[in-house]
Each structure stands twice: as structure tokens, then as C-alpha cells.
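The structure appears right after this line, and notes come after that.
Bear in mind these aren't lab numbers, they're just calculated from the coordinates by the rules spelled out. No experiment lies behind these values; they were computed from the predicted model shown.
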Amino acid sequence: MASGVSHISAYSATSSALYQSTLASTGIQRETFGDRMTQTKNWIYNGDVGTVMGRTPLDWLIYISCIIIFLAALISMSVAFCAIFYWIIDWNYPTLQGAASILQTPGIGFRPQPDIGTTLVRFVKGDISSYVHYLDHIEAYIQYYENELQQGDNYIDCSEIRTRRTENLNKVCQFDPIVLGGDCIKQQIMVLMMDNHAFC
């Protein structure tokens, strides 16, 4: 074991000596910390060739100009798209309403919903017991909007407002269920279901 270690040590010493003799014969000097600091200073600013961080002032001007033009193009495109978006979208009403809306009948997906595991509305024509629970759910939801429940300092009448509100933003508009139409009262819905008509 001792002979193996001695052999390795002797080989390392020989290699080191050979490396040093090679450097000495070729005139190559190993870089010192001072040499690297000098190279770093020359890279930051080289007065002989007039470069800053490896670039001449003209190169820096072209480089920065390209970046500014690129960012200006991106900002211009974003502003143009936002302008088109806000020009198309109405502040007060959705662009697509009724049958044109991709939501179609979103109310059916919310109410009636006696079973949260499905949005299927199924009943037997003429059998009140098969759809009375749907009516109860609809009526229970609409009762939140009864006029006597929409009184207080937090409610305001928005029936005459035709533009976007600029005041009283912390208050809620009163909603009159009558605007849903006569087909949306409980008694009329029962008639529609019995006569195989559509929902309101």
C-alpha cells in the first residue's frame, strides 16, 4: 500500500514539474488575480479602443434603439387591441344577448336546481308532482327580489338610469321580477309545463 501511494506521489510530482517546465519553456505565465481584475476593468471601459462593456458608443446606440423600437411596437399593439376591445364591448350591456349569447339559457343551469349533481330538467307532462319541486326552487329564488325585501339604504331605483353609474356605486339596484314577463310567475309556469311549452 505504501509503495502504491509513493508511486502516485512521485507521478504527481513529475507531472507538476513537467507542467512548470513546459510553461517556462513556452513563456506562458499563469494568470493572477490582478491580471483578471485588469481584464475586467478593460471590459467595463477600454480607453484604447473606446468600448464600454465590449461595445462602442455607436453599437450601444443601435442596440438600445432596436430595443426601444421593439418595446414601442409591443405597446402599440397592446393599446390597439385594448382600444378595439373597449370599442366593441359595451359598458352596460353584453354584446351578445338572448339567442345570440353563447350561454343560451344560463338560468336553467342555476335555477331550478334541486339536484346539484345535474342540470337536467325532467318532468312528466300533466303530473304536478314531477315538477312541483322545480317550481319551488324558482319561487324560492325569486322571493329574494320581492319588493318588500328590497327596501333600505343599500337599494336604489335604477329604472331611469340608461348609462353607466358614476355615483352610488356601493348600492344595489332594485330588481322587479315583473320585467321577466308574465310567463315567469309560478302559476303561469305550471300552465306552460302542463301544455308542453318552453320555460320563461
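Structure notes:
- 3J(HN,Hα) couplings calculated from phi for the range 84-93 with the Karplus curve 6.51 cos²θ - 1.76 cosθ + 1.60 (θ = phi - 60°) are, in sequence order, 5, 4, 6, 6, 7, 7, 7, 6, 10, 9 Hz; Gly and Pro show x.
- Added length on full extension, which subtracts the Cα-Cα distance from 0.36 nm per residue, F123 to K171: 13.3 nm
- For the range 39-89: rounded, prolate or oblate by the Cα gyration tensor [a/c cutoff 1.5]: prolate
- Taking amide hydrogens as placed 1.01 Å from N in the peptide plane, the amide H of T51 sits under 5 Å from those of N46, each at least 5 positions away in sequence or on another chain.
- Per-residue ³J(HN,Hα) for the range 67-81, Karplus 6.51 cos²θ - 1.76 cosθ + 1.60, θ = phi - 60°, Hz, x for Gly and Pro: 5, 5, 5, 5, 5, 4, 5, 5, 5, 4, 5, 5, 4, 5, 5
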